[in-house]
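Worksheet: one structure, shown below.
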Amino acid sequence: MFGVVVIVTLSELAALSSCSVSLDHVNTPTPHTPEWRRDGSEIVWAEVYGPWRVEARCPVAAPFNGPSELSIKLNVGGDLETIDRLMNEAEETDGIPASLLRQIPLAEIKAGARAALAKQEDRAMNEPYPVPTRCRTEEDYTLLVAELARMRATGTTAPQGELAGRLGIGKATMSERVKRSKELGLWDGQRLTAKALAILTQRYQDQEGD
């Protein structure tokens, strides 16, 4: 079994999409409309482009819309003739072609994710995260920065000051907690990290199991 995976950041995709280039014939998508499906605590979108399967994943509990993970994998299967054809196409482009990255419809994916997430009954985008008054654990700090991200996404202009007032703490204390969340690898200054998203996902799964 052959396997190739590439994780692409959203900024890289945006840069690639600004380039104009003809598409390789192997990048033609299959003739169907991809749909979002539920997979545990995530919703998933997938499309097949020749020998490549492109997949986007969005955690339902994330305080934002849009995918947190985008992957491209070699997708070879079927009868011997089909396998041979798909492997030849992958060899022809020497692996994942740059033109495939430019063809991925990121804006369409994000719009579809927004609509799909709105249909999830357990979607907590507009519900405040239960941030504790005192932060002791990584989960506590994750809830803190997740709430700050949620507040920012819903239009709060000064989320740190507002959340500090809600918790009854000073702005300096809030700043120290945000700094600590960065040290713990939960916040990069603009968004939640993969580590923080994993903690939120696990918390959601634990709640589902209760």
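Figures for the structure shown
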{"quantity": "Region 67-210 - charge dipole about Cα centre, Lys and Arg +1 at Cβ, Asp and Glu -1, debye rounded to 20", "calculated": "1160"}
{"quantity": "Inter-probe distance in nm under a simple model that places probes 7 Å from Cα toward Cβ, at THR154 and LYS119", "calculated": "2.4"}
{"quantity": "Sparse-neighbour loop sites [GluC sites (Glu not before Pro); region 112-210; at most 10 other C-beta within 10 Å; DSSP]", "calculated": "GLU121"}
{"quantity": "Estimated vicinal HN-Hα couplings, Hz - region 54-65 in sequence order (Karplus 6.51, -1.76, 1.60; Gly, Pro = x)", "calculated": "9, 10, 10, 10, 10, x, 5, 8, 5, x, 7, 9"}
{"quantity": "LYS110 paired with GLU35, simple spin-label distance in nm, labels 7 Å along Cα-to-beta-carbon", "calculated": "2.6"}
{"quantity": "Amide H contacts of TRP52 (H built 1.01 Å from N, under 5 Å, at least 5 apart or other chain)", "calculated": "ASN75"}
{"quantity": "Sparse-neighbour loop sites [trypsin sites (Lys or Arg not before Pro); region 129-190; at most 13 other C-beta within 10 Å; DSSP]", "calculated": "ARG134, ARG136"}
{"quantity": "Dipole of region 141-210, positive end: most advanced residue of THR142, THR156, ALA196 [Cβ charges, Cα centre]", "calculated": "THR156"}
{"quantity": "Calculated from backbone phi, Karplus (6.51, -1.76, 1.60) coupling profile of region 83-93 in Hz, x at Gly/Pro", "calculated": "4, 4, 5, 5, 5, 5, 5, 5, 5, 4, 9"}
{"quantity": "Sequence ranges 94-104, 63-73, 80-90, ranked by mean other-Cβ count within 10 angstrom, highest first", "calculated": "63-73, 94-104, 80-90"}
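All of the numbers you see were taken from the coordinates with simple rules; none came from a lab. Keep in mind that this is a model prediction, so the values were computed, not measured. Don't worry about glycine lacking a Cβ; one is built from the backbone with ideal geometry, like all the others, and counts go over all protein chains shown.
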